[in-house]
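These notes concern the structure reproduced below.
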Amino acid sequence: MLKIAVYGKGGIGKSTVTSNLAAAFAMRGKKVIQIGCDPKADSTVNLLNGEHLMPVMNYLQEHDRDPEKIEDIAKEGFGGVLCIETGGPTPGLGCAGRGIVTTFALLESLELFEERKPDVVLYDVLGDVVCGGFAAPIREGYASKVLIVTSGEKMALYAAGNIKRAVDNFADRGYATVRGVVMNRRAVENEEEKVRSFAAANSLEIVADIPRSNDIIRYEDMGKTVIEGDASLEVSQAFLKLADLLIAEEEQEA
């Protein structure tokens, strides 16, 4: 099973990258689960035709009991991708990371992975916080690889550096390791040079170069990933190429 956690600065496009990567894996015939680990609970919306899925934390609050089956807290989207959102507390009330921990415990009790037997699991993780509940996706065997999404913007690169150091600090505990950088272009001056310099300084590979594209916005306005909208586009091909790379690596490691 290929298990990937996607991190990066808030607003850098993690959900766009994650959902398009999920769609790309699905187009390659893989059984995929995407878990949004953010109180905003909008990670999977473009896999669900613009529909917002009820987060696990909302379900618990409204029903005052644990779900009895996976279908109570999950829904299949484009390509059969199983979508789950952890959700979190009301902003300013409680720890958002607790929603992740609570959700993961529930998924274990429901035997999600044993029942669904996915080929790929993707975790879309809030912002650049790699502590407490937000570290859960990279520990306890949930994810084995981390993708860091960044542009050439100063704060995005700063956050990427923090994430790399945080993940490295967990290395001796058998947690996930950083597989590489996804360059999500923002038309910053000398962007490629800046990102490549960052990657080299941190001994990281740029595993994907996502071009800035109005097609992403156009299809997201329709509640779709760009992969679903038009898989032949240059930006779609970048996601498919990343999926192919990760699939090939997984097959070699098996």
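Residue by residue, here is whether (1) touching a residue at least 60 places away in the same chain (Cβ under 8 Å); (2) among the small types (G, A, S); (3) part of a strand (DSSP E or B); (4) over 25 Å from A254 (Cβ atoms) holds:
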{"position": "A160", "(1), (2), (3), (4)": "yes, yes, no, yes"}
{"position": "I163", "(1), (2), (3), (4)": "yes, no, no, yes"}
{"position": "Y175", "(1), (2), (3), (4)": "no, no, no, no"}
{"position": "G180", "(1), (2), (3), (4)": "no, yes, yes, no"}
{"position": "V188", "(1), (2), (3), (4)": "no, no, no, yes"}
{"position": "E193", "(1), (2), (3), (4)": "no, no, no, yes"}
{"position": "F198", "(1), (2), (3), (4)": "no, no, no, yes"}
{"position": "L204", "(1), (2), (3), (4)": "no, no, no, no"}
(message) If M54 meets every condition in (1) part of a loop (DSSP other than H, G, I, E, B); (2) touching a Lys or Arg at 6+ places or on another chain (Cβ under 8 Å) apart from one, which number is that one?
(response) (2)
(request) Return only the number of the condition from (1) touching a Lys or Arg at 6+ places or on another chain (Cβ under 8 Å); (2) not in a loop (DSSP other than H, G, I, E, B) that G152 does not satisfy. (result) (2)
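Yes or no: region 73-82 includes at least one residue that is free of Cβ contacts under 8 Å to residues at least 12 places away in the same chain, of a type outside the set (D, E) and either exposed (fewer than 14 other Cβ atoms within 10 Å of the Cβ) or within 30 Å of V188 (Cβ to Cβ) (or both). Break it down into steps so the answer makes sense when it comes.
Initial filter on region 73-82 (free of Cβ contacts under 8 Å to residues at least 12 places away in the same chain): 76.
Pick out the ones that are also of a type outside the set (D, E) and you get none.
Within region 73-82, none of the residues are free of Cβ contacts under 8 Å to residues at least 12 places away in the same chain, of a type outside the set (D, E) and either exposed (fewer than 14 other Cβ atoms within 10 Å of the Cβ) or within 30 Å of V188 (Cβ to Cβ) (or both).
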(request) Scan region 146-157 for residues that are over 13 Å from G13 (Cα atoms) and either without any contact (Cβ under 8 Å) to a residue 12 or more places away in the chain or touching a strand residue (DSSP E or B) at 6+ places or on another chain (Cβ under 7 Å) (or both) and jot them down. (result) V146, K154, L157
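Could you list all residues from region 210-233 that are farther than 12 Å from T16 by Cβ and out of contact with any Leu (no Cβ under 9 Å at 6 or more places or on another chain)?
Looking only at region 210-233, we keep the residues that are farther than 12 Å from T16 by Cβ, and these are 211, 214, 218, 221-223, 228-233.
Residues satisfying the conditions are P211, N214, R218, D221, M222, G229, D230, S232, L233.
Listed here are the residues, each with its yes/no results for (1) out of contact with any Cys (no Cβ under 9 Å at 6 or more places or on another chain); (2) within 28 Å of E251 (Cβ to Cβ).
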{"site": "T16", "(1), (2)": "yes, yes"}
{"site": "G29", "(1), (2)": "yes, yes"}
{"site": "I33", "(1), (2)": "no, yes"}
{"site": "D38", "(1), (2)": "yes, no"}
{"site": "L47", "(1), (2)": "no, yes"}
{"site": "E51", "(1), (2)": "yes, no"}
{"site": "V56", "(1), (2)": "yes, no"}
{"site": "Q61", "(1), (2)": "yes, no"}
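Every number in this text was worked out from the coordinates using simple rules, so none of it is lab data. Just so it is clear, the structure is predicted and the values come from calculations on it, not from any experiment. Note: ideal-geometry Cβ built from the backbone for every residue, glycine included; neighbour counts use all protein chains shown.
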